[in-house]
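This report concerns only the one structure given below.
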Amino acid sequence: MSRVLCGAVLVGLVLSSLASETLLVVINEFGQGKGGNGEWVELLVVGSGSCSTVDLRGWRLKDYQGNAMGGVWVVFASHPVWQAVPAGTLIVIYNAGDTVNLPAHFPPYPDTDFSDFLVVLPHNHALYFAGGARWDGLANTGDWVVLEDAAGRVVDGLSYGNSSGQTPHLKEVPARRAAAFVRSGLDKINDSAHWVLGYEVDGTPLSTPGAGNSGENASWIASLRPTPRISVSPTALEFGNVPVGQEAALSVTVSNTGCASLSVGTVSLTGPHAAEFLVRNDAVSGATIPPGGSRTLEVVFRPASAGAKTATLRIPSNDPQTPVASVSLSGTGVAPQIAVSPLAHDFGAVRVGQESAPLTVTVRNVGTAPLSVGTVSLTGPHAAEFLVRNDAVSGATIPPGGSRTLEVVFRPVSVGAKTATLRIPSDDPQTPVASVSLSGTGAAPQVSVTPLSHDFGVVLVGQESAPLLVTVRNVGSAPLAVGTVALAGAHAAEFQIRNDHVSGATIPVGEARTLQVVFRPVSAGDKTATLLIPSDDPASPLTEVSLSGTGQPGLSVSAGGPYRGVVGIPVTLRATASGGFSPYAFAWDLDQDGEYDDASGAEVTWTWFAPGTYTLGVQARDSQGYTATDRTVATIAPARGDVNGDGRIDLVDLRLAYQAALGLVELPPEQRERADVDADGDVDLRDVELLCRWILGGCG
């Protein structure tokens with residue numbers, strides 16, 4: 001619509017108002033619609049900034065249309081919706097009489113919902129505008145648009161085309177055109193350099209009724225609107241030192257310092273150690289916090305291991321500036337950590353019944369919290385053979401870096417390998433029971449004597465047996481101390497110890513010492529004794545060696561006799577032997593030459609051819625080569641017929657026998673016996689006749 005411009009009076013009126021613009025509400029955009037009709041104006045509520053409101057009741061939007069009093073009087077009714085219009089609200093007022101000429105991209109109208117900070121109202125809305133409002137349209141060639149508050153003060157205004165005096169002054173905005181402020185901030189609103197003009201309906205339309213005119217303009221509008229503002233306190237939680245497995249809790253307060261409701265999403269934990277933090281008593285997740293309100297939650301630090309731990313508490317919300325608020329979480333898991341040295345020990349060989357040198361066991365706390373130690377104990381198959389002494393560990397509380405000690409000794413009660421375990425309980429979460437492996441060997445000497453018995457057999461009385469070698473060996477695992485070896489028993493005196501390398505000796509493991517024993521009987525018969533070998537072998541403190549032997553009498557021989565014989569008649573000689581070692585061999589000396597080479601055997605015969613007394617001897621030899629001799633005599637009487645006993649039978653003997661037979665002489669008994677040649681008890685002529693035959697061959 002074309003209108004006649006106002007005169008100088010109106011121009012002066014408008015110019016006089018420029019200095020008093022409050023800019024609480026600004027004209028952000030307007031358009032001419034299609035074909036010069038369908039005009040609209042977009043107002044932006046600025047207020048005093050975000051969260052502020054403006055009371056629009058009684059305000060007037062004037063379009064002068066060449067009329068000094070203003071051609072359009074759109075008066076904001078005294079309605080509660082205008083009492084506190086939030087900053088950032090866009091109010092689009094359109095010419096209700098030319099809606100068919102509104103551009104195709106015009107927002108839906110009418111829109112009376114203030115909740116989205118946009119209302120689209122016809123200029124004659126009966127509820128929201130006061131009666132009498134009229135719209136004569138925006139002149140195509142030029143016009144003034146002025147917004148006044150209820151007191152008549154100019155809030156904002158502009159001019160264009162052939163109308164001037166109101167800033168900004170824009171070029172002509174003809175039909176099918178629009179003008180829009182594309183910047184942000186009030187300092188640029190009256191500078192035409194920050195306004196753009198262009199087609200509203202052809203091609204890509206310039207105008208954006210009900211929306212921002214550019215990215216910058218849209219951001220400014222959004223910044224003015226009431227928004228929630230999340231405030232988190234504190235922004236960092238330091239839990240300090242917390243024992244592993246225990247927990248500490250700190251509170252976080254989430255406040256809404258904005259002027260719109262703060263909608264909070266689900267809080268979450270992120271970071272390398274998020275699993276060691278947890279959220280409790282969560283009144284924040286999912287909450288809608290009104291302006292000025294607050295909610296709280298607890299963050300719990302429960303370290304699973306020692307060391308510095310960090311995580312982040314993320315709190316998402318609809319705060320456009322801080323869509324995710326973060327709280328830095330940190331803490332240090334502290335824990336005692338037990339270190340035991342040594343972890344194993346071999347006491348080596350220790351004599352049964354004796355005690356090893358003590359082993360010092362050191363228990364250190366290499367962790368970051370005090371270490372509480374329980375009562376140490378010994379377990380295992382041979383625990384009773386190990387002892388704990390000087391125990392400064394059991395029940396101790398050891399500070400970080402500190403240490404305590406105890407001693408362990410090994411006292412074996414028997415021979416052999418022994419093991420046990422020293423158990424050290426504590427509150428170290430990683431090693432609730434530390435162990436020390438203990439081992440040792442119960443050592444003891446063990447005597448071995450060979451032989452344990454010996455029979456020397458038969459030994460001639462007064463003679464000495466071959467020596468018996470007795471070996472004493474240490475087959476144990478510790479040195480063997482031997483006492484003084486002795487002989488005991490009924491016949492101990494008939495045995496003797498020789499070359500004794502055993503008595504008083506200390507025999508190393510695996511080595512041996514020897515002594516000798518001999519048997520020297522002093523009388524005949526069976527003899528026994530015991531060799532006593534004392535030592536420190538705990539199992540055999542006294543070893544006995546049984547000794548026996550037989551005393552055998554010495555070899556003796558009897559030649560028999562004395563013997564009696566008759567000349568020329570063999571005499572039987574009988575020898576006997578005893579003692580020594582049978583069987584015996586006999587040899588005779590019968591010719592008195594001192595050599596036993598005349599006969600052999602226990603019984604021999606020998607003939608003497610002359611009367612007389614003869615000495616004879618016999619030698620006996622036993623199986624061991626021992627010899628014995630004996631002598632006796634043999635008396636050889638003359639033979640029968642040798643009356644006079646001169647060893648010859650001759651005529652003298654014949655004459656004596658004849659005289660005796662005739663009774664002429666009385667012969668002595670021996671001669672009379674020899675004269676009785678036929679041994680009939682009488683000396684008679686028969687005897688004489690026999691002598692005649694022997695001597696003369698017969699008596700004629």
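The values are calculated or read from the model by the stated rules, or taken from the named source; none is laboratory data. Just so it is clear, the model here is predicted, and its values are computed rather than measured. Using ideal geometry, Cβ is built from the backbone for each residue, glycine included, and neighbour counts are taken over all protein chains shown. Heads up: the accessible areas ignore ligands, DNA and RNA and are worked out on the full protein's heavy atoms, side chains in. Shrake-Rupley method; radii C 1.70, N 1.55, O 1.52, S 1.80 Å.
What to note about this one:
- Only a single item in (1) open to solvent by 50 Å² or more (accessible area, probe 1.4 Å); (2) under 14 Å from residue 347 (Cβ atoms) is not met by residue 418, and it is number (1).
- Only residues that are assigned to a loop (DSSP other than H, G, I, E, B), under 50 Å from the mean Cα position of the chain (by Cα) and closer than 16 Å to residue 544 by Cα were counted in the stretch 429-480, giving 1.
- Some residue of the stretch 297-304 being within 27 Å of the chain's Cα centre (by Cα), within 28 Å of residue 433 (Cα to Cα) and not aliphatic (A, V, I, L, M): yes
- Failed item in (1) closer than 16 Å to residue 572 by Cα; (2) not in a loop (DSSP other than H, G, I, E, B), with residue 591 passing the rest: (2)
- Qualifying residue in the stretch 211-229 (condition: in contact with a helix residue (DSSP H, G or I) (Cβ under 6 Å, 6 or more places away or on another chain), farther than 23 Å from residue 159 by Cβ and not hydroxyl-bearing (Ser, Thr, Tyr)): yes
- Checklist (1) modelled with pLDDT of 90 or more; (2) farther than 23 Å from residue 187 by Cβ applied to residue 63, failing item: (1)
- Scanning the stretch 526-540 for residues that are part of a strand (DSSP E or B) and either open to solvent by 60 Å² or more (accessible area, probe 1.4 Å) or among the β-branched types (Val, Ile, Thr) (or both) yields a count of 4.
- Scanning the stretch 301-323 for residues that are closer than 30 Å to residue 225 by Cα, open to solvent by 50 Å² or more (accessible area, probe 1.4 Å) and part of a strand (DSSP E or B) yields a count of 1.
- Residue-level check: of (1) at pLDDT 95 or above; (2) in contact with a Gly (Cβ under 9 Å, 6 or more places away or on another chain); (3) of a type outside the set (D, E, K, R), residue 368 misses just (1).
- Residue that is farthest from residue 578 (Cα to Cα), among those in the stretch 504-525 that are open to solvent by 40 Å² or more (accessible area, probe 1.4 Å) and over 50 Å from the mean Cα position of the chain (by Cα): 514
- Filtered by the rule that a residue be over 21 Å from residue 473 (Cα atoms) and of a type in the set (Ser, Thr, Tyr), the stretch 488-543 gives 523, 528.
- If the condition is being surrounded by fewer than 20 Cβ atoms within 10 Å (Cβ to Cβ), assigned to a loop (DSSP other than H, G, I, E, B) and under 21 Å from the mean Cα position of the chain (by Cα), then the stretch 369-403 contributes 374, 375, 380, 381, 394.
- Residue 441, sole failed condition from (1) in contact with a Ser or Thr (Cβ under 6 Å, 6 or more places away or on another chain); (2) open to solvent by 10 Å² or more (accessible area, probe 1.4 Å): (1)
- Unique residue being modelled with pLDDT under 95, in contact with a Phe, Trp or Tyr (Cβ under 9 Å, 6 or more places away or on another chain), crowded, with 20+ Cβ neighbours inside 10 Å and of a type in the set (A, V, I, L, M, F, W, C) when the list is 74, 25, 85, 45: 74
Residues checked against (1) over 13 Å from residue 461 (Cβ atoms); (2) open to solvent by 40 Å² or more (accessible area, probe 1.4 Å); (3) without any contact (Cβ under 8 Å) to a residue 24 or more places away in the chain; (4) among the polar types (S, T, N, Q):
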| site | (1), (2), (3), (4) |
| --- | --- |
| 553 | no, yes, no, no |
| 558 | yes, yes, no, yes |
| 561 | yes, yes, no, no |
| 566 | yes, yes, no, no |
| 574 | yes, yes, no, no |
| 577 | yes, no, no, no |
| 585 | yes, yes, no, no |
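- Count of residues meeting criterion [over 17 Å from residue 354 (Cβ atoms) and either over 20 Å from the mean Cα position of the chain (by Cα) or of a type in the set (Ser, Thr, Tyr) (or both)] in the stretch 407-428: 3
- Number of residues in the stretch 457-480 that are surrounded by fewer than 16 Cβ atoms within 10 Å (Cβ to Cβ), of a type in the set (A, V, I, L, M, F, W, C) and either under 24 Å from residue 415 (Cα atoms) or touching a Ser or Thr at 6+ places or on another chain (Cβ under 9 Å) (or both) equals 2.
- Residue among 254, 279 that is more than 30 Å from residue 44 (Cβ to Cβ) and open to solvent by 40 Å² or more (accessible area, probe 1.4 Å): 279
- In the stretch 249-288, of all residues being charged (D, E, K, R) and not in a strand (DSSP E or B), the one that is farthest from residue 52 (Cα to Cα) corresponds to 276.
- In the stretch 91-135, of all residues being at pLDDT below 90 and of a type in the set (D, E, K, R), the one that is least open to solvent (accessible area, probe 1.4 Å) corresponds to 98.
- The lone exception for residue 666 - which of (1) in a loop (DSSP other than H, G, I, E, B); (2) at pLDDT 85 or above; (3) among the charged types (D, E, K, R); (4) closer than 25 Å to residue 614 by Cβ it fails: (4)
- Beta carbons closer than 7 Å, at least 6 apart along the sequence or on distinct chains, pair a first residue in the stretch 260-274 that is surrounded by fewer than 18 Cβ atoms within 10 Å (Cβ to Cβ) with a second that is among the basic types (Lys, Arg) for 268/314; 270/314.
- Residues of the stretch 140-171 that are touching a Leu at 6+ places or on another chain (Cβ under 8 Å) and not in a strand (DSSP E or B): 149, 162, 163, 165, 166, 167, 168, 171.
- Residue match in the stretch 541-551 (condition: of a type in the set (A, V, I, L, M), free of Cβ contacts under 8 Å to residues at least 12 places away in the same chain and surrounded by fewer than 20 Cβ atoms within 10 Å (Cβ to Cβ)): yes
- Among the candidates 627, 572, 613, 632, residue that is of a type in the set (Val, Ile, Thr) and touching a Pro at 6+ places or on another chain (Cβ under 8 Å): 632
- The combined condition, being small (Gly, Ala, Ser), open to solvent by less than 50 Å² (accessible area, probe 1.4 Å) and within 30 Å of residue 444 (Cα to Cα), is fulfilled by residue 356.
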